[in-house]
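Down below is the structure, laid out as structure tokens.
The values are calculated or read from the model by the stated rules, or taken from the named source; none is laboratory data. Being a predicted model, the structure only gives us computed values, none of them experimental. Please note: Cβ atoms are built from the backbone with ideal geometry, for glycine as well, and neighbour counts cover all protein chains shown.
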Amino acid sequence: MGRISRRKLMGGALGAAVLASLAQSQAEASGTRQTRTRYIAAYDTESPACLAACRKVVAVHKKLEMPATFFITGTTLEANIKEYKTLLADPLFEVASHTWSHKLLCDNALCGPAVAADEKREEIFKAKALIENVFEKPCVGLRPAVGFDKGFRGAVDVLTFVREAGFRYVSSLLWGPDCSMPALIEVPFHYGADGFTDLWELPGHGWHENLLKNHNQWGARRLTLWPSPMPEGIPTRFVETPSDEFEVNRIFLEKALGTNKPHLSLIWHPWSLHAFDPQMKMLELTFAHVRRLGLVACTYAGLCQHMSS
Ligand SMILES: [Zn+2]
């Protein structure tokens, strides 16, 4: 099937919303903004197919001098230590943890229950140690497998392990309310309400892009809310081309800028990006738009440093 129009993909009301948002963005880019929205390219690197994908992802990032955070599982890194060190030991990149073996640290209504306490500990500590050993610098961030609609709020057992391990931030808020898609453009916060003022939550936003492509083979599923808090971010069908995917991405980029959010970071998986778009055209389209909008590209570690100061 050929390329479909943005209006058809994203629903009738979208065109006007995008134009209004872009106009607002351009007005703000003209010099009246006090804070600048950061953009973080981030990759949940979690399966054998991610290595070939990361070679292409990294090439695009180096060509465009675009920073990125790679959240990698310990088992993925362990299977190809030399290759990942060659690819990711670059000042452009942050390497952070995506747990040891992608086991769940909390319950997720769609993805399953949490593992036992001893397994949580291993997931949190073991990958951090390997990443630090391989890359010879501190691993300061943790993105848990699948993520949660409340982040780690109330998960004192997990937060205790995370602090003990020495992480400075987590990126665990990756779903909309009631385990829905998309993840809304939530702002960073610290876990002071649970007794962890020194631990930041830096949420991810938008769709887990694999779900936009039916790469989990879930088919039609109850993923969205009614009424939706962000209807313009819900396409009418699975995306079919890199341009379709970019049209979804731009909604979130422009909304984050238009509403003056501290950051915007989409939830991407190298294996899924590569299976859908082996030339990584979507990355080029998205990064060009990030530059056009004047977003400040950084890593999650960079955002953490900014929030802490
Ligand atoms: Zn994952």
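Computed values, structure above
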read-out: Top-ranked residue of the stretch 288-309 - restricted to ones that are under 15 Å from LEU64 (Cα atoms) and not in a loop (DSSP other than H, G, I, E, B), ranked as farthest from the chain's Cα centre (by Cα); value: ARG292
read-out: Extreme residue, farthest from the ligand (Cβ to nearest atom), among residues of the stretch 146-156 that are under 29 Å from TRP207 (Cβ atoms) and surrounded by fewer than 18 Cβ atoms within 10 Å (Cβ to Cβ); value: GLY154
read-out: Residue in the stretch 133-145 that is farthest from the ligand (Cβ to nearest atom), counting only those that are among the aliphatic types (A, V, I, L, M) and either out of contact with any strand residue (DSSP E or B) (no Cβ under 7 Å at 6 or more places or on another chain) or closer than 17 Å to GLU122 by Cβ (or both); value: VAL134
read-out: Long-range neighbours under 9 Å by Cβ, at least six apart or interchain, first residue under 21 Å from CYS298 (Cα atoms) and at pLDDT 95 or above within the stretch 68-97, second assigned to a helix (DSSP H, G or I) and among the hydroxyl-bearing types (Ser, Thr, Tyr); value: THR69/TYR300; PHE70/TYR84; PHE71/TYR300; ILE72/TYR84; TYR84/THR76; GLU94/TYR300; VAL95/TYR84; ALA96/TYR300
read-out: Some residue of the stretch 245-267 being touching a helix residue (DSSP H, G or I) at 6+ places or on another chain (Cβ under 7 Å), buried (at least 21 other Cβ atoms within 10 Å of the Cβ) and assigned to a loop (DSSP other than H, G, I, E, B); value: no
read-out: Failed item in (1) over 24 Å from VAL60 (Cα atoms); (2) touching a residue at least 40 places away in the same chain (Cβ under 8 Å); (3) acidic (Asp, Glu), with GLU132 passing the rest; value: (2)
read-out: Residue list for the stretch 271-284, filter: assigned to a helix (DSSP H, G or I), touching an Asp or Glu at 6+ places or on another chain (Cβ under 8 Å) and within 18 Å of SER47 (Cα to Cα); value: TRP271, SER272, LEU273, PHE276
read-out: Sole exception among (1) under 16 Å from the mean Cα position of the chain (by Cα); (2) within 16 Å of the ligand (Cβ to nearest atom); (3) not in a helix (DSSP H, G or I) for LEU110, by number; value: (1)
read-out: Some residue of the stretch 238-257 being at pLDDT 95 or above, under 27 Å from LYS137 (Cα atoms) and more than 16 Å from the ligand (Cβ to nearest atom); value: no
read-out: Among (1) crowded, with 23+ Cβ neighbours inside 10 Å; (2) more than 25 Å from VAL140 (Cβ to Cβ), the one test that LEU303 misses; value: (2)
read-out: The stretch 201-247, residues that are farther than 25 Å from GLN279 by Cβ and of a type in the set (A, V, I, L, M); value: LEU202, ALA220, LEU223, LEU225, MET230, ILE234
read-out: Sole residue being surrounded by fewer than 17 Cβ atoms within 10 Å (Cβ to Cβ) and either closer than 23 Å to HIS102 by Cα or polar (S, T, N, Q) (or both), chosen from GLY206, GLY219; value: GLY219
read-out: Meets criteria (touching a Cys at 6+ places or on another chain (Cβ under 8 Å) and in a strand (DSSP E or B)) for TYR84; value: no
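Let's see how each residue does on (1) closer than 29 Å to LEU225 by Cβ; (2) surrounded by fewer than 20 Cβ atoms within 10 Å (Cβ to Cβ); (3) not aromatic (Phe, Trp, Tyr):
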{"residue": "SER101", "(1), (2), (3)": "no, yes, yes"}
{"residue": "ALA127", "(1), (2), (3)": "no, no, yes"}
{"residue": "LEU142", "(1), (2), (3)": "yes, no, yes"}
{"residue": "ALA165", "(1), (2), (3)": "no, yes, yes"}
{"residue": "TYR169", "(1), (2), (3)": "yes, no, no"}
{"residue": "LEU173", "(1), (2), (3)": "yes, no, yes"}
{"residue": "PHE189", "(1), (2), (3)": "yes, yes, no"}
{"residue": "ASP194", "(1), (2), (3)": "yes, yes, yes"}
